[in-house]
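Novice: The following block contains the structure, expressed as structure tokens.
The values are calculated or read from the model by the stated rules, or taken from the named source; none is laboratory data. Not measured: the values here are computed from a predicted model. Backbone-built Cβ (ideal geometry, glycine too); neighbour counts: all protein chains shown.
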Amino acid sequence: MSLYPQLESSLKHHFGYDTFRPGQREVITAALQNQDLLVVMPTGGGKSLCFQLPALMKSGVTIVVSPLIALMQDQVDALRRNGIAATFLNSSLSGEKVRSREQAVLAGKVKLLYVAPERLMSERFLPFLDLVHHHGGISAFAIDEAHCVSEWGHDFRPEYRQLSKLRGKYPQVPTWALTATATERVRTDIIQQLQLRQPSIHIASFNRPNLYYQVRPKTQYAYTELLELLRSTDGACIVYCLTRKQVDELTLKLKHNKISVLPYHAGLSDTERSQNQTSFIRDDVRVMVATIAFGMGIDKPDVRHVIHFNLPRNLESYYQESGRAGRDREPSRCTLFFGLSDIKTIEWSISQKTDPQEQMVARQQLRQVLDYAEGTSCRRTIQLGYFGERFPGNCGNCDNCRYPKPVQDWTTEAMKFLSCVARSQERFGMGHIIDILRGAKTEKIKQHKHDQLSTYGIGKDRKVDDWRLLGRSLLHQGLLEQSTDGYGVLKLNAQSWEVMRRQRQVLIAVPTVERVSNINPQEKSAEAEMLFQRLRTLRKQLADLQGVAPFVIFTDTTLKAMSQYRPQTRESFAKISGVGTHKLTEYGDVFIKEITAFCQEHNLPSVDMPSTPSSTSNRGKTPSGTELVTLNLYQQGLSIQDIAIKRNLSGRTIVNHLASLLEKNQELNINQIVAENKQQKIWQVLDTLGDVALTPIKDYLGADYSYDEILLVRGVWRRKKGN
């Protein structure tokens, strides 16, 4: 029997959800046991709930450290709409309002208090904190956006460093550090800087399966393509640019083309930035063109498209910025326009740095971005690899997987490349290796006498871009390694030598002409779409009356569930995911009235709902057409490899189909694929670690267990746990 069996009922009562997302229950259980926490959970994974729910269940007040005013206000608004006692203290409030809210905190009327790190550690505020601790007690310090504490993070803020003093002042109060993105180096730094004591560490998968990633060449027609993307996107969009000037110019052009758009950058006044942000959050304007100054504090879950019109400075920033799309887990898009002129702009910016170490790190980060933009393998494999997470590829939701480039055998070229790395004693980067292969007459080659190597000039028949494509493909396939010291020195590994001994074939995807890629929209009836639009209109009217963002009332996901099931009684309306006790009381009648009127106009009944709808599981969902084809062939006795050959798909794709079918209550016997003793061991590890990413499970089990075996057993495990 699990600890805290009342967690699900508390979740439904306060937030309206029936089940936890992967990892949430484990984190919340650790929080209720007063452990320190380090939670790395990607945007849209439900990170905020990991500290909000335990705050409601513990005595005292939880102090939430948040870096931006907008972020505090959005979260507090959302909590209050759920009937939760939350407030914030920041510079936007008058002295009278600050005193009033402080009195409410001291009187025990507040469960979550949001403050900025500067205020929290100020000489005036610390005595107040002592009073709070003396009167009702501080239940925990929740440090949101905890990556800001690390100088290795993408958004380092020196004021976060002061938070380490909290441990000395309140040694018995647990500290919960939460962030959406953190490499291993940043995670280590967070633990050290905040002085976390044996923290319970939860690292969720960084994979956002609802996001479609694509890279487009930035040609002379880029603006026309951008216009087409914005017009074809049904919902809010963010367009990121490198400079303020580009933001202003692009905004002007889009307005001329009748796009509902506003700008956002540091050159605008505080008032204008705030007004533009509010207009975007409340759906008064559909498109925001911005520098990267926009977005960190934006708690808007229904952004459908994030477009980078310029190259981002590093992969971590790109993951964070593009991740502002689809936080409600609905299908959304992330598009990057890649142009050579952006590289020159970033290189110039790097050259302006005075610290050689900073320059070196920035150049390494730029190389990683170029690897991603020019890569021909699965976008997720490259992106997730940056965070140390292995991804098998074939995600089916990026341009390289949807529209794969033709594969060619480049084993001979790979042998030449790797041999050149070996003969130059593994001391140089990719550019120099390519110069040797092409017989260049550079000073560096003369200095090191590399024009005397046997590999000098043996690659003249290939262009520089061809060799760069091969080099990056070797890195992505794990057939070559690169130092992380900023110099990008190439190193051989065991797989490299297998290639040079002709024991391993090297296949690479060759780029073709760019295709226009579109997300296949989820199939939905005309009636459901019509009702959804009516409910959105109603939601917007209520939001304007109450002065809040529409998603604070109900998210798009909740409205879509209403449109699908058409509940016409309070009992059935309460079953919709996202409808908690407070929202049922406040909004139930008005939405039921609208749904009932629509059903009467179109002679439509309510639709029976599943008894326990789940936002995190495939259970109860209908298998897709391609999964059913795989199921039929598997039931005929064909092996995974036979099915893959017959369907011209990879073996991993077939395994993914089978795992998904198992989750969707399709009875499959996997004993022929995974030995029963292995199934039992994998099951035990899943029970121990929970529904986490595959990599920690694989690391726990060791080399005797394959990712395919883990995927299949996890499919059965998820189905059983959901029942």
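Novice: May I ask you to say which residue of Arg167, Arg99 is within 15 Å of Ile190 (Cα to Cα) and either in a helix (DSSP H, G or I) or at pLDDT 90 or above (or both)? Don't jump to the end; show me each part of the working.
Specialist: Numbers: Arg99 fails: within 15 Å of Ile190 (Cα to Cα).
Testing whether each residue is within 15 Å of Ile190 (Cα to Cα) and either in a helix (DSSP H, G or I) or at pLDDT 90 or above (or both) leaves just Arg167.
Novice: Next up: Just to check your reading of the model, which residue among Glu347, Glu389, Glu358, Glu374 is of a type outside the set (Phe, Trp, Tyr) and buried (at least 19 other Cβ atoms within 10 Å of the Cβ)? First the steps, then the outcome.
Specialist: Values: Glu347 fails: buried (at least 19 other Cβ atoms within 10 Å of the Cβ); Glu358 fails: buried (at least 19 other Cβ atoms within 10 Å of the Cβ); Glu374 fails: buried (at least 19 other Cβ atoms within 10 Å of the Cβ).
Matching residue, one of Glu347, Glu389, Glu358, Glu374: Glu389.
Novice: Would segment 688-695 turn up any residue that is modelled with pLDDT under 85, out of contact with any Pro (no Cβ under 7 Å at 6 or more places or on another chain), closer than 24 Å to Ile201 by Cα and surrounded by fewer than 16 Cβ atoms within 10 Å (Cβ to Cβ)?
Specialist: yes
Novice: Looking at Glu321, Glu330, Glu358, Glu347, which is the one that is out of contact with any Phe, Trp or Tyr (no Cβ under 8 Å at 6 or more places or on another chain) and at pLDDT 85 or above?
Specialist: Numbers: Glu321 fails: out of contact with any Phe, Trp or Tyr (no Cβ under 8 Å at 6 or more places or on another chain); Glu358 fails: at pLDDT 85 or above; Glu347 fails: at pLDDT 85 or above.
Unique residue meeting the criteria: Glu330.
Novice: Being under 17 Å from Phe15 (Cα atoms), crowded, with 19+ Cβ neighbours inside 10 Å and of a type outside the set (Ser, Thr, Tyr): is that true of Val548 here? Step through it out loud before you land on a result.
Specialist: On the way: under 17 Å from Phe15 (Cα atoms): no; crowded, with 19+ Cβ neighbours inside 10 Å: yes; of a type outside the set (Ser, Thr, Tyr): yes.
In short, no.
Novice: Any residue at all in segment 412-421 that's in contact (Cβ under 8 Å) with a residue 40 or more places away in the chain, at negative phi and among the small types (Gly, Ala, Ser)? Outline the logic, then answer.
Specialist: First pass over segment 412-421, keeping only residues in contact (Cβ under 8 Å) with a residue 40 or more places away in the chain: 413-419, 421.
Okay, now just the ones that are also at negative phi, so 413-419, 421.
Subsequent filtering for residues that are among the small types (Gly, Ala, Ser) retains 414, 419.
Yes, there is a match, as at least one residue in segment 412-421 is in contact (Cβ under 8 Å) with a residue 40 or more places away in the chain, at negative phi and among the small types (Gly, Ala, Ser).
Novice: Sort out which residues of segment 644-660 are in a helix (DSSP H, G or I), at pLDDT below 85 and hydroxyl-bearing (Ser, Thr, Tyr), and write them in order of number.
Specialist: Thr653, the sole residue that qualifies.
Novice: Counting only residues that are of a type in the set (Ser, Thr, Tyr) and modelled with pLDDT under 90, how many does segment 11-42 have? Let's see the steps before the verdict.
Specialist: Of the residues in segment 11-42, the ones of a type in the set (Ser, Thr, Tyr) are 17, 19, 29.
Next, only the ones that are modelled with pLDDT under 90 stay: 17, 19.
Number satisfying all stated conditions: 2.
Novice: Next question, about the same structure. Among the helices (runs of 4 or more DSSP H) contained in segment 311-415, which hold 3 or more residues that are within 16 Å of the chain's Cα centre (by Cα)?
Specialist: On the way: elements: 315-322, 340-351, 356-374, 379-386, 399-402.
Qualifying helices (runs of 4 or more DSSP H): 315-322, 379-386.
Novice: Just checking, does segment 659-667 include any residue being under 30 Å from the mean Cα position of the chain (by Cα), surrounded by 14 or more Cβ atoms within 10 Å (Cβ to Cβ) and of a type in the set (Gly, Ala, Ser)?
Specialist: Scanning segment 659-667 turns up at least one residue that is under 30 Å from the mean Cα position of the chain (by Cα), surrounded by 14 or more Cβ atoms within 10 Å (Cβ to Cβ) and of a type in the set (Gly, Ala, Ser).
Novice: For segment 196-243, which positions are within 30 Å of Val39 (Cβ to Cβ) and more than 21 Å from the chain's Cα centre (by Cα)?
Specialist: Once the filter is applied, which keeps residues that are within 30 Å of Val39 (Cβ to Cβ) and more than 21 Å from the chain's Cα centre (by Cα), segment 196-243 yields Leu196, Arg197, Gln198, Pro199, Ser200.
Novice: Does at least one position in segment 272-286 carry a residue that is within 19 Å of Cys237 (Cβ to Cβ), surrounded by fewer than 23 Cβ atoms within 10 Å (Cβ to Cβ), of a type outside the set (Gly, Ala, Ser) and modelled with pLDDT under 85?
Specialist: No: segment 272-286 contains no residue that is within 19 Å of Cys237 (Cβ to Cβ), surrounded by fewer than 23 Cβ atoms within 10 Å (Cβ to Cβ), of a type outside the set (Gly, Ala, Ser) and modelled with pLDDT under 85.
Novice: Another question about this same structure. If Gly136 satisfies every condition in (1) modelled with pLDDT under 90; (2) farther than 18 Å from Phe88 by Cα; (3) of a type outside the set (Ser, Thr, Tyr) but one, which is the exception?
Specialist: It fails just one condition, (2).
Novice: Looking only at segment 454-505, count every residue that is under 16 Å from Gly429 (Cβ atoms), free of Cβ contacts under 8 Å to residues at least 40 places away in the same chain and of a type in the set (A, V, I, L, M) and tell me the total.
Specialist: The total comes to 1.
Novice: If Ser150 passes every condition in (1) touching a helix residue (DSSP H, G or I) at 6+ places or on another chain (Cβ under 7 Å); (2) among the small types (Gly, Ala, Ser); (3) in the same structural domain as Arg329 (by TED's automatic domain parsing) but one, which one does it miss?
Specialist: (3)
Novice: Exactly one condition in (1) outside any helix (DSSP H, G or I); (2) touching a Phe, Trp or Tyr at 6+ places or on another chain (Cβ under 7 Å) is not met by Gly471; state its number.
Specialist: Against the list (1) outside any helix (DSSP H, G or I); (2) touching a Phe, Trp or Tyr at 6+ places or on another chain (Cβ under 7 Å), Gly471 comes up short only on (1).
Novice: Say we look at segment 80-109 and pick out the residues that are among the hydrophobic types (A, V, I, L, M, F, W, C) and surrounded by fewer than 20 Cβ atoms within 10 Å (Cβ to Cβ); which of these is farthest from Leu56 (Cα to Cα)?
Specialist: Quick first cut of segment 80-109, residues among the hydrophobic types (A, V, I, L, M, F, W, C) only: 84-86, 88-89, 93, 98, 104-107.
If we keep only those that are surrounded by fewer than 20 Cβ atoms within 10 Å (Cβ to Cβ) too, we end up with 85, 93, 98, 104, 106-107.
Details: Ala85: 9, Leu93: 25, Val98: 23, Ala104: 16, Leu106: 16, Ala107: 16 Å.
My answer is Leu93.
Novice: Restricting to segment 24-64, and then to whatever is within 26 Å of Asp189 (Cα to Cα) and touching a Gly at 6+ places or on another chain (Cβ under 6 Å), can you tell me which residue is surrounded by the most Cβ atoms within 10 Å (Cβ to Cβ)? So that I can check it myself, show each step before the final result.
Specialist: From segment 24-64, those within 26 Å of Asp189 (Cα to Cα) are 24-52, 54-55, 62-64; that's our starting set.
Those still in the list that are touching a Gly at 6+ places or on another chain (Cβ under 6 Å) too: 24, 26, 43.
Numbers: Gln24: 26, Glu26: 18, Thr43: 20.
By that ranking, first place goes to Gln24.
Novice: Answer yes or no as to whether Met72 is surrounded by 24 or more Cβ atoms within 10 Å (Cβ to Cβ) and out of contact with any helix residue (DSSP H, G or I) (no Cβ under 9 Å at 6 or more places or on another chain). Let's see the steps before the verdict.
Specialist: Numbers: surrounded by 24 or more Cβ atoms within 10 Å (Cβ to Cβ): yes; out of contact with any helix residue (DSSP H, G or I) (no Cβ under 9 Å at 6 or more places or on another chain): yes.
Judged against the criteria, Met72 is a match.
Novice: In the list Lys446, Lys416, which residue meets the criterion of being at pLDDT 90 or above, touching a helix residue (DSSP H, G or I) at 6+ places or on another chain (Cβ under 7 Å) and either assigned by TED's automatic domain parsing to the domain that holds Asn656 or among the basic types (Lys, Arg) (or both)? Lay out the reasoning, then the answer.
Specialist: Working: Lys446 fails: touching a helix residue (DSSP H, G or I) at 6+ places or on another chain (Cβ under 7 Å).
The unique qualifying residue is Lys416.
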